[in-house]
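Below is one structure, written out as C-alpha coordinates; comments come after it.
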Amino acid sequence: MFSGVPLALAQIAYHRYQLGVGAMVLSGLVIELLTRHPLSLLLYIAWAGMSGVLAGELVRRHKDFSSSVFAISLQMIAFFSFLMGFFYLRTGGKVLEGLKQEMFRSFDQVVHLYLQNAPSPIPAVDQALILKMEPELFSSFLTLIPGVFVATVFLTALILMGMVKGILSRKSAAGFGYGIDRWVLWDPLIFFLVLALALIAIPVHAARLAGVNLFFSLSILYVGQGAGVIVSYAKSRKFGRLFWIVAASFILLQPLILLLLGIVGVLDVWVDFRKIRPSADDESREA
(Lines give C-alpha, C1' and ligand atoms only; values in the text may rest on other atoms or scores of the structure.)
Protein backbone atom coordinates (compact mmCIF):
# COMPACT_ATOMS: atom_id res chain seq x y z
CA MET A 1 0.00 0.00 0.00
CA PHE A 2 2.91 2.37 0.68
CA SER A 3 5.29 1.30 -2.08
CA GLY A 4 3.71 3.58 -4.68
CA VAL A 5 4.52 6.74 -2.70
CA PRO A 6 8.19 7.06 -3.82
CA LEU A 7 7.13 6.50 -7.44
CA ALA A 8 4.52 9.25 -7.16
CA LEU A 9 7.01 11.71 -5.66
CA ALA A 10 9.58 10.86 -8.36
CA GLN A 11 6.98 11.39 -11.08
CA ILE A 12 6.05 14.79 -9.64
CA ALA A 13 9.64 16.01 -9.24
CA TYR A 14 11.02 14.67 -12.54
CA HIS A 15 8.00 14.27 -14.78
CA ARG A 16 9.89 15.49 -17.83
CA TYR A 17 12.22 12.53 -17.55
CA GLN A 18 9.44 10.08 -16.56
CA LEU A 19 11.51 9.06 -13.53
CA GLY A 20 8.47 7.50 -11.89
CA VAL A 21 7.92 5.17 -14.85
CA GLY A 22 11.60 4.24 -14.93
CA ALA A 23 11.63 3.53 -11.19
CA MET A 24 8.51 1.40 -11.58
CA VAL A 25 10.10 -0.72 -14.30
CA LEU A 26 13.40 -1.07 -12.43
CA SER A 27 11.80 -2.01 -9.11
CA GLY A 28 9.48 -4.42 -10.92
CA LEU A 29 12.46 -6.17 -12.52
CA VAL A 30 14.14 -6.44 -9.11
CA ILE A 31 10.99 -8.04 -7.70
CA GLU A 32 10.83 -10.51 -10.60
CA LEU A 33 14.52 -11.43 -10.13
CA LEU A 34 13.98 -12.01 -6.40
CA THR A 35 10.78 -14.02 -6.76
CA ARG A 36 11.49 -15.54 -10.20
CA HIS A 37 7.80 -15.39 -10.97
CA PRO A 38 6.35 -13.12 -13.72
CA LEU A 39 3.06 -12.90 -11.82
CA SER A 40 4.85 -11.02 -9.02
CA LEU A 41 5.90 -8.36 -11.52
CA LEU A 42 2.36 -7.99 -12.84
CA LEU A 43 0.89 -7.76 -9.36
CA TYR A 44 3.47 -5.16 -8.32
CA ILE A 45 2.78 -3.05 -11.41
CA ALA A 46 -0.99 -3.33 -10.91
CA TRP A 47 -0.99 -2.60 -7.18
CA ALA A 48 1.88 -0.17 -6.64
CA GLY A 49 3.58 0.77 -9.90
CA MET A 50 0.84 2.14 -12.14
CA SER A 51 -1.12 3.57 -9.20
CA GLY A 52 1.97 5.39 -7.92
CA VAL A 53 2.80 6.94 -11.29
CA LEU A 54 -0.86 7.86 -11.87
CA ALA A 55 -1.07 9.48 -8.43
CA GLY A 56 2.02 11.55 -9.20
CA GLU A 57 0.56 12.76 -12.49
CA LEU A 58 -2.81 13.59 -10.93
CA VAL A 59 -1.19 15.58 -8.13
CA ARG A 60 1.15 17.34 -10.55
CA ARG A 61 -1.82 18.36 -12.68
CA HIS A 62 -3.63 19.68 -9.57
CA LYS A 63 -6.55 17.25 -9.74
CA ASP A 64 -8.72 17.29 -6.64
CA PHE A 65 -8.43 14.63 -3.95
CA SER A 66 -11.75 12.85 -4.54
CA SER A 67 -11.40 12.43 -8.30
CA SER A 68 -7.79 11.27 -7.83
CA VAL A 69 -8.77 8.58 -5.30
CA PHE A 70 -11.52 7.23 -7.54
CA ALA A 71 -9.33 7.41 -10.67
CA ILE A 72 -6.56 5.42 -8.96
CA SER A 73 -9.09 2.91 -7.64
CA LEU A 74 -10.67 2.50 -11.07
CA GLN A 75 -7.24 1.97 -12.66
CA MET A 76 -6.34 -0.74 -10.13
CA ILE A 77 -9.67 -2.56 -10.50
CA ALA A 78 -9.55 -2.35 -14.31
CA PHE A 79 -5.97 -3.65 -14.52
CA PHE A 80 -6.67 -6.52 -12.12
CA SER A 81 -9.80 -7.40 -14.09
CA PHE A 82 -7.77 -7.40 -17.31
CA LEU A 83 -5.11 -9.66 -15.78
CA MET A 84 -7.67 -12.10 -14.43
CA GLY A 85 -9.54 -12.17 -17.73
CA PHE A 86 -6.32 -12.73 -19.68
CA PHE A 87 -5.10 -15.59 -17.49
CA TYR A 88 -8.60 -17.07 -17.33
CA LEU A 89 -8.72 -17.34 -21.11
CA ARG A 90 -5.14 -18.55 -21.41
CA THR A 91 -5.58 -21.31 -18.81
CA GLY A 92 -9.15 -22.27 -19.63
CA GLY A 93 -10.36 -21.20 -16.21
CA LYS A 94 -7.69 -23.11 -14.30
CA VAL A 95 -6.22 -19.90 -12.88
CA LEU A 96 -9.29 -19.44 -10.67
CA GLU A 97 -8.98 -22.96 -9.32
CA GLY A 98 -5.28 -22.37 -8.62
CA LEU A 99 -6.03 -19.13 -6.79
CA LYS A 100 -8.75 -20.84 -4.79
CA GLN A 101 -6.34 -23.58 -3.71
CA GLU A 102 -3.68 -21.05 -2.70
CA MET A 103 -6.22 -19.03 -0.74
CA PHE A 104 -7.46 -22.16 1.02
CA ARG A 105 -3.89 -23.00 2.07
CA SER A 106 -3.50 -19.53 3.52
CA PHE A 107 -6.90 -19.74 5.19
CA ASP A 108 -6.00 -23.13 6.67
CA GLN A 109 -2.75 -21.72 8.06
CA VAL A 110 -4.60 -18.83 9.69
CA VAL A 111 -7.12 -21.21 11.29
CA HIS A 112 -4.36 -23.46 12.68
CA LEU A 113 -2.39 -20.47 13.96
CA TYR A 114 -5.49 -19.21 15.72
CA LEU A 115 -6.14 -22.58 17.33
CA GLN A 116 -2.52 -22.78 18.50
CA ASN A 117 -2.29 -19.20 19.79
CA ALA A 118 -5.83 -18.46 20.98
CA PRO A 119 -6.04 -16.09 23.99
CA SER A 120 -7.69 -18.86 26.02
CA PRO A 121 -7.26 -22.63 25.54
CA ILE A 122 -9.80 -24.19 23.16
CA PRO A 123 -11.02 -27.68 24.10
CA ALA A 124 -10.03 -30.46 21.72
CA VAL A 125 -13.70 -31.13 20.88
CA ASP A 126 -14.22 -27.52 19.80
CA GLN A 127 -10.99 -27.54 17.79
CA ALA A 128 -12.16 -30.64 15.92
CA LEU A 129 -15.52 -28.95 15.23
CA ILE A 130 -13.83 -25.81 13.89
CA LEU A 131 -11.59 -27.86 11.61
CA LYS A 132 -14.60 -29.83 10.39
CA MET A 133 -16.41 -26.58 9.56
CA GLU A 134 -13.34 -25.08 7.86
CA PRO A 135 -14.51 -25.76 4.25
CA GLU A 136 -17.84 -24.05 4.97
CA LEU A 137 -16.09 -21.14 6.65
CA PHE A 138 -13.80 -20.81 3.63
CA SER A 139 -16.79 -20.80 1.26
CA SER A 140 -18.34 -17.99 3.29
CA PHE A 141 -15.04 -16.12 3.18
CA LEU A 142 -14.95 -16.37 -0.63
CA THR A 143 -18.32 -14.62 -0.89
CA LEU A 144 -16.77 -11.60 0.90
CA ILE A 145 -13.80 -11.32 -1.48
CA PRO A 146 -15.39 -8.66 -3.80
CA GLY A 147 -16.10 -6.27 -0.93
CA VAL A 148 -12.75 -6.87 0.74
CA PHE A 149 -10.95 -6.35 -2.57
CA VAL A 150 -12.72 -3.06 -3.35
CA ALA A 151 -12.18 -1.86 0.23
CA THR A 152 -8.46 -2.67 -0.01
CA VAL A 153 -8.22 -0.82 -3.32
CA PHE A 154 -9.90 2.27 -1.83
CA LEU A 155 -7.66 2.08 1.24
CA THR A 156 -4.55 1.86 -0.95
CA ALA A 157 -5.65 4.89 -2.99
CA LEU A 158 -6.43 6.88 0.17
CA ILE A 159 -3.06 6.05 1.75
CA LEU A 160 -1.24 6.87 -1.48
CA MET A 161 -2.89 10.24 -2.04
CA GLY A 162 -2.90 11.15 1.65
CA MET A 163 0.82 10.49 2.09
CA VAL A 164 1.85 12.20 -1.15
CA LYS A 165 -0.20 15.31 -0.39
CA GLY A 166 1.02 15.34 3.22
CA ILE A 167 4.69 15.08 2.22
CA LEU A 168 4.34 17.79 -0.41
CA SER A 169 2.56 20.16 1.98
CA ARG A 170 5.52 19.93 4.37
CA LYS A 171 8.35 20.13 1.82
CA SER A 172 6.98 22.43 -0.85
CA ALA A 173 5.23 25.77 -0.86
CA ALA A 174 3.66 25.05 -4.26
CA GLY A 175 -0.09 24.63 -4.15
CA PHE A 176 -1.08 21.05 -4.95
CA GLY A 177 -4.65 21.36 -3.69
CA TYR A 178 -6.17 20.11 -0.47
CA GLY A 179 -5.27 16.78 1.08
CA ILE A 180 -7.10 14.25 3.21
CA ASP A 181 -7.42 16.81 6.03
CA ARG A 182 -10.03 18.72 3.99
CA TRP A 183 -11.51 15.79 2.10
CA VAL A 184 -15.24 15.09 2.42
CA LEU A 185 -17.39 12.52 0.71
CA TRP A 186 -20.55 13.35 -1.18
CA ASP A 187 -23.07 13.58 1.70
CA PRO A 188 -25.89 11.57 0.02
CA LEU A 189 -23.46 8.64 -0.15
CA ILE A 190 -24.44 7.90 3.45
CA PHE A 191 -27.79 6.61 2.16
CA PHE A 192 -25.97 3.86 0.25
CA LEU A 193 -24.27 2.85 3.52
CA VAL A 194 -27.70 2.74 5.17
CA LEU A 195 -28.94 0.67 2.22
CA ALA A 196 -26.09 -1.80 2.80
CA LEU A 197 -27.12 -2.19 6.46
CA ALA A 198 -30.75 -2.65 5.41
CA LEU A 199 -29.78 -5.39 2.95
CA ILE A 200 -27.82 -7.17 5.70
CA ALA A 201 -30.97 -7.15 7.87
CA ILE A 202 -33.06 -8.87 5.17
CA PRO A 203 -33.24 -12.64 5.87
CA VAL A 204 -32.29 -13.56 2.30
CA HIS A 205 -28.81 -14.90 1.53
CA ALA A 206 -28.36 -12.97 -1.73
CA ALA A 207 -29.47 -9.70 -0.12
CA ARG A 208 -27.20 -10.16 2.87
CA LEU A 209 -24.29 -11.05 0.62
CA ALA A 210 -24.80 -7.90 -1.46
CA GLY A 211 -25.21 -5.81 1.69
CA VAL A 212 -22.01 -7.06 3.35
CA ASN A 213 -19.92 -6.49 0.21
CA LEU A 214 -21.43 -3.02 -0.31
CA PHE A 215 -20.81 -2.20 3.36
CA PHE A 216 -17.15 -3.23 3.15
CA SER A 217 -16.67 -1.19 -0.04
CA LEU A 218 -18.21 2.01 1.34
CA SER A 219 -17.15 1.84 4.98
CA ILE A 220 -13.46 2.19 4.10
CA LEU A 221 -14.26 5.55 2.46
CA TYR A 222 -15.70 6.77 5.75
CA VAL A 223 -12.56 5.50 7.47
CA GLY A 224 -10.69 7.88 5.16
CA GLN A 225 -13.04 10.74 6.04
CA GLY A 226 -12.56 9.98 9.74
CA ALA A 227 -8.79 9.99 9.23
CA GLY A 228 -9.19 13.39 7.57
CA VAL A 229 -10.90 14.72 10.70
CA ILE A 230 -8.05 13.48 12.91
CA VAL A 231 -5.36 14.80 10.54
CA SER A 232 -7.07 18.19 10.39
CA TYR A 233 -7.21 18.34 14.20
CA ALA A 234 -3.55 17.32 14.51
CA LYS A 235 -2.50 19.96 11.96
CA SER A 236 -4.46 22.70 13.73
CA ARG A 237 -2.72 21.78 17.00
CA LYS A 238 0.65 21.53 15.19
CA PHE A 239 1.50 18.12 16.59
CA GLY A 240 5.05 17.01 15.92
CA ARG A 241 6.50 14.01 14.13
CA LEU A 242 6.26 11.87 17.27
CA PHE A 243 2.46 12.05 17.12
CA TRP A 244 2.37 10.69 13.57
CA ILE A 245 4.77 7.86 14.44
CA VAL A 246 2.70 6.84 17.48
CA ALA A 247 -0.58 7.14 15.55
CA ALA A 248 0.72 5.00 12.66
CA SER A 249 2.03 2.42 15.13
CA PHE A 250 -1.35 2.20 16.86
CA ILE A 251 -3.14 1.66 13.54
CA LEU A 252 -0.70 -1.05 12.49
CA LEU A 253 -0.85 -2.83 15.86
CA GLN A 254 -4.58 -2.41 16.48
CA PRO A 255 -6.72 -2.50 13.30
CA LEU A 256 -9.86 -1.87 15.40
CA ILE A 257 -8.83 1.79 15.30
CA LEU A 258 -10.08 1.73 11.71
CA LEU A 259 -13.55 1.06 13.13
CA LEU A 260 -13.29 4.17 15.32
CA LEU A 261 -12.15 6.23 12.33
CA GLY A 262 -15.12 4.94 10.35
CA ILE A 263 -17.52 6.02 13.12
CA VAL A 264 -15.91 9.48 13.20
CA GLY A 265 -16.24 9.68 9.40
CA VAL A 266 -19.95 8.83 9.52
CA LEU A 267 -20.61 11.31 12.33
CA ASP A 268 -18.80 13.99 10.33
CA VAL A 269 -21.64 13.91 7.79
CA TRP A 270 -23.92 15.56 10.38
CA VAL A 271 -21.53 17.15 12.89
CA ASP A 272 -19.02 18.61 10.37
CA PHE A 273 -16.13 18.53 12.83
CA ARG A 274 -13.86 20.59 10.57
CA LYS A 275 -16.51 23.21 9.70
CA ILE A 276 -15.58 23.08 6.00
CA ARG A 277 -19.02 22.52 4.50
CA PRO A 278 -20.96 25.58 3.33
CA SER A 279 -23.62 26.67 5.78
CA ALA A 280 -27.30 27.02 4.87
CA ASP A 281 -26.93 30.81 4.79
CA ASP A 282 -24.03 30.59 2.32
CA GLU A 283 -26.02 28.26 0.07
CA SER A 284 -29.02 30.60 0.11
CA ARG A 285 -26.80 33.57 -0.85
CA GLU A 286 -25.30 31.60 -3.75
CA ALA A 287 -28.81 30.71 -4.94
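The values are calculated or read from the model by the stated rules, or taken from the named source; none is laboratory data. Just so it is clear, the model here is predicted, and its values are computed rather than measured. FYI the Cβ positions are ideal-geometry reconstructions off the backbone, even for glycines, and counts take in every protein chain you see.
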Does region 205-214 contain any residue that is part of a helix (DSSP H, G or I), of a type in the set (D, E, K, R), free of Cβ contacts under 8 Å to residues at least 40 places away in the same chain and closer than 27 Å to GLY56 by Cα?
-> no
Does any residue of region 168-182 turn out to be over 20 Å from GLY52 (Cβ atoms), surrounded by 15 or more Cβ atoms within 10 Å (Cβ to Cβ), under 22 Å from the mean Cα position of the chain (by Cα) and at pLDDT 85 or above?
-> yes
All conditions in (1) out of contact with any Phe, Trp or Tyr (no Cβ under 8 Å at 6 or more places or on another chain); (2) more than 17 Å from SER169 (Cα to Cα); (3) touching a residue at least 40 places away in the same chain (Cβ under 8 Å); (4) in a helix (DSSP H, G or I) are true of PHE2 except (4)
